Amino acid sequence: MDFSTPIMIIGLVAVMLALRVPVGFTLLISGTLGFAMSRGLDSTLQTLGARFYDIGSGYSLSAVPLFLLMGHMAIASGVTDDMFKAARTFVGHIKGSLVLATTFAAVGFAACSGSTTSTTAIFGKVALPEMMRVGVDRRLAAGCIATVGTLAGMIPPSVVLLVYGIIAQESIPRLFIAGIVPGLLTALAFGIMIYVRVMRKPELAPALPPSTRAEKIDAVKSVWAAILLAFIVIGGIYLGVFTPTEAGAMGAAGAFLIALFRGRVTIDAMKNVFIETSKTTSVIFIIMVGALIFTSYLAVSGTSGAVSAWIVGLEVNPGVLVILYLVFMLILGLFIDPISVMFLTVPIFLPPLVRLGLDPIWIGILVTKSLEIGLITPPIGLNAFVLKSVSPGFSFKEIYGGIWWFLQVELIVLAILFSFPELTTWLPDLMYGG
């Protein structure tokens, strides 16, 4: 079989990405050109039409804008500020003070957001100034903010896991539930690292005076609605009460009600919520269309099948193949956002790994974790640029210097999840309906 055309098209993708052409348009142009060269213009136009229809009519895809809407509505309702204040109230007196508070608050907000970059940006605005005010080390503070946003990529309702489920045609509820233990394990590992570092060097994060009982009660009152909403959404998915799309609708409606009762529903606020949701949804859907065209071309050209047959035919332990795939994800994650990388690689590499007997849910968690690590890995680390954009007073040297400690923890957690697949699979196996 002649693979000269597919090789040329893949080379075109590499060149366009190097020229910083948006990923969605890169895949759309390359895939369309490949189709036209191999199948003719009529077949190409029919394929384009079918893929646009698939994106527009897919029921499961409607969960994407709904969960994004939930996250932006939660930001508008002010729950981020309240979660940070509540976490500060309960753990501010512990060694690590506001750094620990930020980490635990990020877990709560991740359950209402699902967006890594949004979590990083909002905590850069909310938590970072407060840390600077009480004298937290600049590197530790910047590293914490840039890193804890990745928790939203794992803790449901993670948009990245949702997209993986759509691409891999795997159960999205099982993926969501599979992300709970890895997400909490990551947050716990962050907390231990922060506590140990501050215990050895207390000046890194001065402890705050203990909060009074009244302050703790007020803190609980300020966040109970958001926590209840997260439990309803995640619990509804776990028990099989809601589909992911229905859970997204419930979450968006609940976040709106929280904003309404708090008096945060204004014309300007709602306009901003829907504009931001529309922008993010549009970007994701353009990537989806481009990726579907590109992967369809690879399929009809025989490239995907050839790669799959080659991987299956290797006389290598499947675990080694997974490690190589994760290293590839770590590298790509430096330069490209997680959703784009998934669309580029999962349709090609997942089928042969599944044929070798590996659990696609476990692989999905490992891939997501690897891509989230890529977001904080120097010399690129997209989350570092997000933090720099909202906190221009910080240098990249300070941000990357702080990230280094968290990056080590992330790699250790990835190794643990790889070595003990049961940490990922046991909770989904307990779900309603298996």
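A short reminder: the numbers here are calculations on the coordinates, not readings from a lab. For clarity, every value in this text was computed on a predicted model and none was experimentally measured. Note: ideal-geometry Cβ built from the backbone for every residue, glycine included; neighbour counts use all protein chains shown.
Structure values in brief
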| item | result |
| --- | --- |
| Fewest-first sequence of Ile194, Ile234, Ile416, Ile348 by Cβ atoms within 10 Å of each Cβ | Ile416, Ile348, Ile234, Ile194 |
| Exposure proxy ranking, count of Cβ atoms within 10 Å, fewest first, for Leu162, Leu332, Leu411 | Leu411, Leu332, Leu162 |
| Cut-off 20 Å (backbone N to label point 7 Å along Cα→Cβ of Ser419), residues of region 316-358 | 317-327 |
| Cβ-based charge dipole, the chain, positive-most Cα from Ala230, Thr266, His72 | Thr266 |
| Global form of region 167-230, assessed from the alpha-carbon gyration tensor, a/c cut-off 1.5 | oblate |
| Relative contact order (percent, whole number), the chain, Cα cutoff 8 Å, 6+ residue spacing | 26 |
| Reachable lysines, given that their alpha-carbon falls under 16 Å from the alpha-carbon of Lys271 and they are not under 8 places away in the same chain | Lys279 |
| Cross-link partners of Lys125 among lysines (Cα-Cα below 20 Å; sequence separation of 8 or more within a chain) | Lys85, Lys388, Lys397 |
| Unit charges at the beta carbon, dipole of region 4-429: most positive-side option, Ile336, Gly381, Trp404 | Trp404 |
| Taking Val283, Val23 and counting other C-beta atoms within 10 Å, the order from fewest to most | Val283, Val23 |
| Cβ-based charge dipole, region 4-429, positive-most Cα from Thr102, Ala36, Phe25 | Thr102 |
| Qualifying lysines (Cα of each under 18 Å from Cα of Lys369; at least 8 residues distant if same chain) | none |
| Kirkwood Rh in Å, taken over region 76-171 so that all alpha-carbon pairs contribute | 13.6 |
